[in-house]
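Below you'll find the structure, written out as structure tokens, and then a few comments.
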Amino acid sequence: MTSDKWKWVFYAVLGIVLVILIPLSPRYVQTLAISIIIYSIYVCSTNLLTGYTGLVSLGQAIFWGSAAYLVAILTTHGVVKNFYLVFLIAILSVMIIGAAFGVLALRAKRLYFMILTFAFGHVVWSIAMYALQPVTYGFNGIRDILRPDLGLSWSLENNSNFYYFTLAVGALCFFIVSLIIHSPFGRILVGIRDNEHRMIALGCNTFLYKFLSYIVSAIIAGVGGILFAYFNGYVNPSELHWVWSGEALMMMFIGGIGTFWGPALGALVFTGLRYWVSAYTMYWFGVEGTIFVLVVLFFRGGISGFITDLPRRKIPSKP
Amino acid sequence: MEKRSWLRFGKILLLFVLLLTLSVEVSHVLAAENRGPIKLGIDTELTGAVSETSNNVKMGYDLYLQEIGNKVADREIKTIEYDNKTDYKIAMEVAQKLVEKDNVHILGFGTSSGAAIAIRGYAEKMKVPFVVMGLGGAEQVTLPPLKYTIRLTYADGQGELPLGRYAYEKLGYKKMVLMGPDYAGSTGKLWAFRQEFEKAGGQIVQTVLWSLGEMDLAPYFAQLKPDFDAIFPFIPGDVSVNRFLSQYFEMQLDKKGKKLCTQWDMTEDYLPIQTFGEKMLGIHSVALYNLSFDSPENKHFTDLYYAKYGKKKLANNQAALGYESMKFLCTALQAIKGNVEDTEAFLKAMHETKIKGTCSSSISIDANGNAIRDFFIRQVQKKDGVVKNVVLQTIPQVRQPPQGYTLMPGKGK
Amino acid sequence: MELSVAITQLLNGIALGMLLFLLGAGLSLMFGLMGIVNLAHGSYFMVGGYTGLSVLEGTGNFILAIFAGAASGALLGFLTERFLMRRVYGLRHHEPILLTFALSLILSDFSLYVWTGIPRWVQPPSFLSSSIDMGGIFYPAYRFAIILAGVLVFALLYWFQEKTRWGAIVRAGVEDKEMATGLGINIPMVFTLVFCLGAFIAGFGGFVGSPILGLHTGLDFEVIMLALAVVVVGGIGSLPGCLATCLLLGLADTFGKVFWQKYASLTIYVIVVIVLLVKPAGLFGKKS
């Protein structure tokens, strides 16, 4: 059978699992599935920035968290109730923040870029934790966020309905990223990742492309944050913490950096494994770290790479 | 991609589906047991910042469970405990796991107020009794009141209000300073103390706050302006208490006559007194348990405690709270003959239960689900050659202060 | 601000700066020589502290504990370099970083397993637990000791780097790896040496600093960011520059707590941002 036929078989099975099996499963499975999908949107944004554009950032949590906080603040304080308006405000804000930080951070390269993004993240975290405490309630966080009203007769209070909603949004995000990657714009991003100097020599304004990639990643991370706020019903400063940014990088790496399925696989393994493994041991970090070490040393393409058999780079002989 | 890759993707998918079905089946089988044991889920901090507190509380409730042979009204009581690593996200996940996968009858909780605030809404939605057995003192945990939320320990301010008054009226402190990390769990207590201290006639001349997790306190001690009588500090976590005290003594503040007037963690027999000994003499604190308290219940508790754990760590407030919480819970269960499936009856029983505490004459629950109990003003003294806490005054049946009492202005809701 | 308060805070800042130096010097060396950011460096610091604590509890000997802490750091450094880092030299730049991050996770749980998640605190040794009277101002003797320790370590490192043959070899390696190899210098051994040395200092710092910083889970992640700030603000290639940077950051952090309490934790990072935007090579950097 041709590979195409196998591809459609795979998609069919996946479709059945996602659309039929999971909604029929017990509540805790649905809850887990929703978390995984929302996290995979977050990792997808990191994958675009890091996997495809080659920029390692420790600041993606800024956009996830800011969007989540905006949803929380606007809805619980009764400032804006309309879901679509809240969504719009959150996305626009994330774009503005992304543009502001991007312009500054992208002037630095590599490690320094990473540290700058971390520093920005820390500043935003402090703002939520201390400076804006009257509004954000600091450490205690904001609770009792209600599910959004889509204006349809279909209520999102129902877990199953929320699952379908999340699935739809998630699929859309992945689809959009896929479109970007396969477009000329996307090919330039990959070119920048692989050899920025050559792209500059070819007359490309690499700063602009990196900047755009940064903003798009910010938007997608923001979408994830919005969904998270509505789903979790509770937001607290740890959504802005740099460790959360680091975990996105880890999920992406485990799933397979710079691949289409990477974010989903990474979120699945990370969340699912943690859920089950933590029932047996509390040394979850150790397990995660070990998996990570193995992935870096032996499965450099992550799970996705393992599946598609990415050729492994040869380790250079000792200098 | 080749056919082989799609096959592999397919295999992974299949594996995932199998795992899913397996876990669903397993949990269904477990739930299908008729009656079976009473399942008490415990979502607590076994590691991380407040873990010492939660582990002490755990020592208390494990002790009680052992005492009753893990059985209430002839029915086995089974605890399913998970560590939330003092991370609120994990605490939420654990709560969901306990309720949805392990199908617990009661969701017990440890110490972290932030997580408790998040989880209580979820427990209310799922109609599962949410019982805070560790500290979790923030007022938002029980106010505004929720039907399914009960806190068996205490609320911020319950101890601090009487202490504030005592500091002015009995100890004669006219001017005081507040110190603590800048987060609700601490500012709430500081503010409560201030309210009553100033109402009694005192004056708070300075408030020094630092970021949560701040390790080095020397710069903050150095900022204290000289004109004050005493400090009311609140430091979460036990070892941090030692660090605070160490730096307090290093700066020679005790020699300069700047007294300490504190909450119980800072003067506990098992830790700071062991570490600093006679330097601690004279410090007053408010507590809900005292090691040297003379009552048959306390003797019973400490005997059991040392039999199980040895004398390396002396009995303390947190362990007593754990013990009393579990005793309270089991007494309520006994009253409904172990029929925990009848949630309405269980909640009603909880509200009607009254037990004798280790030191407290009586422990019961108010209409909001918060504990009513005795508090004690005590002082570190040397008696029979031993440095220990001695109770000076009992403040009977203290209730949670009204809403808003423990909210420092500018710190949000 | 009163003079006595100012002097106390000044000393606090310098003591903190010295701790930062113990933390950051090793990372700076590693980064300068190998271009690798070792995110497990904070773990060496923490494990060194915990190991020292265990030895202290077992033997009651503070000095022995210090050596134990430092040695455990060196051992970890050696193992890291020999078995992990060697496999990833020359690969895409983010792999070594991710590897060290993974290592920090493993070490974090390892510490959790061995020493449990309950925060620990080390008491200063009895001969240093008093306060020194400087004409009315009392300052803890232990903090003075830390300042001295920092100066001592700096002096030793400087002497090593400038005056010894091994130091010259390390400097050559930092300046120009290829040339150094061409001159017959065994670069892999130099890498290992530098790794061990940096981790040794970190382990030393972790234990020596524990009466001030405490020991708790998560300390490794907290201090690694401080170490990175030191490397980034100070730049690489200058040891005196690293010390100066650490003192600057220590003072900034301490006085930040005085002047803007709420945002005190940000002070260091605001400086990081400003320096990175204005002088990306760092204040004293010789290489960009």
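Tabulated results
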item: Centre separation in Å (Cα based) which lies between the range B:38-105 and the range C:149-196; result: 54 Å
item: Placed amide H near A:LEU58: partners under 5 Å, 5+ positions off or other chain; result: A:THR117, A:PHE118
item: From phi via Karplus (6.51, -1.76, 1.60), per-residue ³J(HN,Hα) for the range C:42-56 in Hz, x at Gly/Pro; result: x, 5, 4, 4, 5, 5, x, x, 4, 4, x, 4, 4, 5, 4
item: Given B:LYS258/B:LYS308; B:LYS170/B:LYS255; B:LYS127/B:LYS327; A:LYS7/A:LYS210, the pairs whose alpha carbons are separated by over 30 Å; result: B:LYS258/B:LYS308; A:LYS7/A:LYS210
item: Distance between modelled label sites at B:SER295 and C:PHE259, nm, 7 Å Cα→Cβ extension; result: 5.3 nm
item: Shielding score for A:115-126, defined as the mean number of other chain Cβ atoms within 10 Å; result: 5
item: Average beta-carbon neighbours from other chains, 10 Å sphere, peptide A:104-114; result: 4
item: Segments C:219-227, C:231-239, C:150-158 sorted - mean Cβ within 10 Å per residue, highest first; result: C:231-239, C:219-227, C:150-158
item: Helix C:239-259 vs. chain C, principal-axis angle (Cα, 0 to 90°, nearest 10); result: 40 degrees
item: Compactness of the protein assembly as shown, expressed as Rg and Dmax over alpha-carbon positions, Å; result: 29.0, 91
item: Mean residue ellipticity (222 nm) of chain C, computed from DSSP H runs ≥ 4 via -39,500 (n - 2.57), nearest 500; result: -24000 deg cm²/dmol
item: Ranked list, fewest to most other Cβ atoms within 10 Å of each Cβ, for B:GLU324, A:GLU196, C:GLU81; result: A:GLU196, C:GLU81, B:GLU324
item: Chain A, helix-only ellipticity at 222 nm - DSSP H runs n ≥ 4, -39,500 (n - 2.57), divided by all residues, nearest 500; result: -22000 deg cm²/dmol
item: Residues with amide H under 5 Å from that of B:THR262, placed H, sequence gap 5 or more; result: B:HIS284, B:SER285, B:VAL286
item: Using distinct alpha-carbon pairs, which all enter the 1/r mean, Kirkwood radius of the range B:346-413 in Å; result: 14.7 Å
item: Contact order normalised by residue count of chain A, Cα under 8 Å, 6+ apart, percent; result: 31 percent
item: Coarse-grained scattering of the range A:234-305 at q = 0.17, 0.20, 0.21 Å⁻¹, given as base-10 log I(q)/I(0) from a Debye sum over alpha-carbon atoms; result: -0.65, -0.86, -0.93
item: Proportion of all alpha-carbon pairs of the range C:161-230 beyond 19 Å (%); result: 49 percent
item: q = 0.08 Å⁻¹, chain B: log10 I(q)/I(0) [Debye, one scatterer per Cα]; result: -0.45
item: Rg to Rh quotient for the range B:244-365, alpha carbon positions, Kirkwood Rh; result: 1.12
item: Mean projected area in nm² (Cα convex hull; one quarter of hull surface) for the range B:299-367; result: 5.4 nm²
item: Exposure proxy order (Cβ contacts within 10 Å, fewest to most) of C:CYS196, C:CYS242, A:CYS204; result: A:CYS204, C:CYS196, C:CYS242
item: Hits among aspartates and glutamates - C-alpha to C-alpha of B:LYS256 under 18 Å, sequence gap 8 or more where chains match; result: B:ASP227, B:ASP229, B:GLU278, C:GLU2, C:ASP133
item: Karplus-derived HN-Hα couplings along the range B:279-284 (A = 6.51, B = -1.76, C = 1.60, θ = phi - 60°), whole Hz, x at Gly and Pro; result: 4, 7, 4, x, 6, 9
item: Footprinting exposure proxy for C:MET34, B:MET266 (fewest neighbouring C-beta atoms within 10 Å first); result: C:MET34, B:MET266
item: Equivalent ellipsoid, the range C:158-288 (semi-axes from 5 times Cα gyration tensor eigenvalues, Å); result: 31, 19, 12
item: nm² value of the averaged projected area, convex hull over the Cα atoms of chain C; result: 15.9 nm²
item: Partners for B:LYS89 among aspartates and glutamates (Cα-Cα distance below 17 Å; same-chain residues under 8 apart left out); result: A:ASP144, A:GLU239, A:GLU247, B:ASP43, B:GLU45, B:GLU81, B:GLU100
item: Within 10 Å of each Cβ in A:283-294, the average number of Cβ atoms from other chains; result: 6
item: Spatially proximal lysines relative to B:LYS189 (Cα-Cα < 17 Å; intrachain offsets below 8 disregarded); result: B:LYS199, B:LYS411, B:LYS413
item: Stokes-Einstein D for the range A:26-241, Kirkwood Rh over Cα pairs, 20 °C, 1.002 mPa s (µm²/s); result: 120 µm²/s
item: Mean ellipticity per residue at 222 nm, deg cm²/dmol - from DSSP H runs of n ≥ 4 across chain B, formula -39500 (n - 2.57); result: -12500 deg cm²/dmol
item: Built amide H within the under 5 Å cut-off of B:ILE204, gap 5+; result: B:MET176
item: The range C:21-35 - phi-based ³J(HN,Hα) in whole Hz, Karplus 6.51/-1.76/1.60, Gly and Pro as x; result: 5, 4, 6, x, 4, x, 5, 4, 4, 4, 5, x, 7, 10, x
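Every number in this text was worked out from the coordinates using simple rules, so none of it is lab data. Predicted, not measured: the structure shown is a model, and the values here were computed from it. Neighbour counts run over all protein chains shown; Cβ positions are idealised from the backbone, glycine included.
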